[in-house]
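Report on the following structure.
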Amino acid sequence: MGGPRGYSSYHGKGPKWKILLAVLLVLVILGALAVIRLQKYVVYDDSDRPRLDLPQFSKDQPEGSGSAPADESGDASFTIEEPERKDIQATALPVGPLTDWEAVWAAVSPGGAYNAAVYTVKDTDGLVYIDSQAAPPSAVKTVEGSAAALGDMLKDEGIYAVAKIACFRDPVASSADLAGRGLKNTGGYVFYDGNNERWLDPSKEGTRQYLVDLATACAAAGFDEILLTDVSYPTVGKLNKIDYGPAATGLPDSLRQGINAFLTEMKAALAEYDVKLSILLSPELFTSTEALAAEGAAAVSGQSLGDIAPLMDRVYVSEDGTALDSLRTRLAAVSKDTQLVPVLAQPGAPEDGESYLIAP
């Protein structure tokens with residue numbers, strides 16, 4: 001039966017556009033599946049440019065063509081690592097709480113003269129300039145705004161931040177916990193060296209844990225490097241009055257073993273962080289032969305360049321720039337992967353592009 005006059009049902013274009021939509025949807029799905037399938041064949045050349053490396057073609061490529069095999073695990077995520085920073089031109093910030101990062105940096109690095117800042121976290125007076133639960137309360141010296149200023153420095157992507165930690169020369173922590181951390185004399189009291197300085201005992205677990213906790217806190221906060229100083233036993237004064245504890249047997253080898261054990265423990269604790277570990281050493285440790293070192297200050301300090309350098313990413317040494325080549329040669333002889341960084345009173349000695357630290 002026909003419908004009303006002048007009107008009939010329309011059956012023409014409806015099914016066609018639905019079919020077309022269904023075809024397009026199928027093509028989109030197939031395209032997405034193809035992209036996912038091909039992602040594992042994407043490789044990067046030496047210039048980090050992506051290209052397809054299909055199995056039927058890759059077998060014809062010569063070895064060493066500059067491309068890396070695709071990850072067969074099916075993981076479609078890719079990470080392109082930035083080139084590791086090799087050289088730093090660093091300057092030391094004033095010792096004390098950091099309150100106005102931008103003003104301080106403008107003063108010490110006019111015109112962006114440096115790309116790295118060395119901030120003293122713990123000085124040789126035993127004072128700590130970050131809020132640390134590990135440090136004795138009397139050692140912590142922070143002021144309002146210092147945490148925010150430190151955070152601003154660490155968030156500045158253009159600045160390589162180095163945390164400087166004076167280790168065993170420490171009058172505050174040694175007196176606060178003489179039994180657990182302090183270096184004693186043979187009478188059982190705190191030991192004073194020839195400069196009237198007090199020290200932590202490297203052989204004590206409390207000492208090592210304190211310094212490791214401080215360093216790992218710096219790494220977790222975002223520092224790029226941990227620079228250790230004063231990593232030794234005392235070398236001046238009435239050293240025969242030091243109570244070395246178990247290390248007294250087998251001197252000086254036992255002292256060296258104690259320093260190495262501390263640095264090994266520090267390196268292991270920092271392994272989970274993306275941070276470099278470095279140390280400040282005396283230039284005399286470079287120039288002395290093993291025979292002279294066994295009879296000189298190195299014998300009582302517990303330091304050995306051959307033992308320490310392989311554990312470090314960088315070794316800093318105070319030098320006017322005139323003997324850098326010989327220092328590098330000596331360092332390379334014991335550790336080819338460790339970088340030498342001269343500590344200078346003023347810039348100018350190293351060649352452009354070489355690492356250095358300006359510490360007036």
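Quick one: which residue in V236, V231 is in a loop (DSSP other than H, G, I, E, B) and in contact (Cβ under 8 Å) with a residue 60 or more places away in the chain?
Step by step, each of V236, V231 is checked, and only V231 is in a loop (DSSP other than H, G, I, E, B) and in contact (Cβ under 8 Å) with a residue 60 or more places away in the chain.
Could you tell me how many of the residues in the stretch 263-305 are modelled with pLDDT of 90 or more and among the acidic types (D, E)?
Residues flagged as modelled with pLDDT of 90 or more and among the acidic types (D, E) within the stretch 263-305 amount to 3.
Which of the residues that make up the stretch 172-186 are open to solvent by 20 Å² or more (accessible area, probe 1.4 Å) and in contact (Cβ under 8 Å) with a residue 24 or more places away in the chain?
Hits for the stretch 172-186 are V172, A176, D177, G180, R181, K184, N185, T186.
Tell me which of these A148 doesn't satisfy, since it passes every other one: (1) open to solvent by less than 20 Å² (accessible area, probe 1.4 Å); (2) under 27 Å from the mean Cα position of the chain (by Cα).
Going through (1) open to solvent by less than 20 Å² (accessible area, probe 1.4 Å); (2) under 27 Å from the mean Cα position of the chain (by Cα) one by one, A148 breaks only (1).
Determine whether the stretch 249-256 contains at least one residue that is in contact with a Leu (Cβ under 9 Å, 6 or more places away or on another chain) and outside any helix (DSSP H, G or I).
no
Restricting to the stretch 315-349, what's the tally of residues that are assigned to a loop (DSSP other than H, G, I, E, B), open to solvent by 30 Å² or more (accessible area, probe 1.4 Å) and of a type in the set (S, T, N, Q)?
Qualifying residue count for the region: 2.
Run down T216, T249 and say which single residue is open to solvent by less than 60 Å² (accessible area, probe 1.4 Å) and either modelled with pLDDT of 95 or more or of a type in the set (S, T, N, Q) (or both).
T216
Yes or no: E197 on the phi < 0 side of the Ramachandran plot, out of contact with any Gly (no Cβ under 8 Å at 6 or more places or on another chain) and open to solvent by less than 20 Å² (accessible area, probe 1.4 Å)?
no
Is there a residue being modelled with pLDDT of 95 or more, open to solvent by 50 Å² or more (accessible area, probe 1.4 Å), under 21 Å from G126 (Cβ atoms) and not charged (D, E, K, R) anywhere in the stretch 219-231?
yes
Those residues that are aliphatic (A, V, I, L, M) and touching a strand residue (DSSP E or B) at 6+ places or on another chain (Cβ under 6 Å), I need them from the stretch 186-213; list them, please.
Listed by number, the list holds a single entry, V190.
Considering the stretch 248-288 alone, what residues qualify as being of a type in the set (S, T, Y) and within 23 Å of V317 (Cα to Cα)?
T264, S278, S282, T287, S288
The values are calculated or read from the model by the stated rules, or taken from the named source; none is laboratory data. Only a predicted model underlies this, so the values are computations on that prediction, with no experimental measurement involved. Positions of Cβ are backbone-derived with ideal geometry, glycine not excepted, and every protein chain shown enters the neighbour counts. Surface accessibility is based on the protein's heavy atoms, side chains included, excluding ligands, DNA and RNA. Shrake-Rupley method; radii C 1.70, N 1.55, O 1.52, S 1.80 Å.
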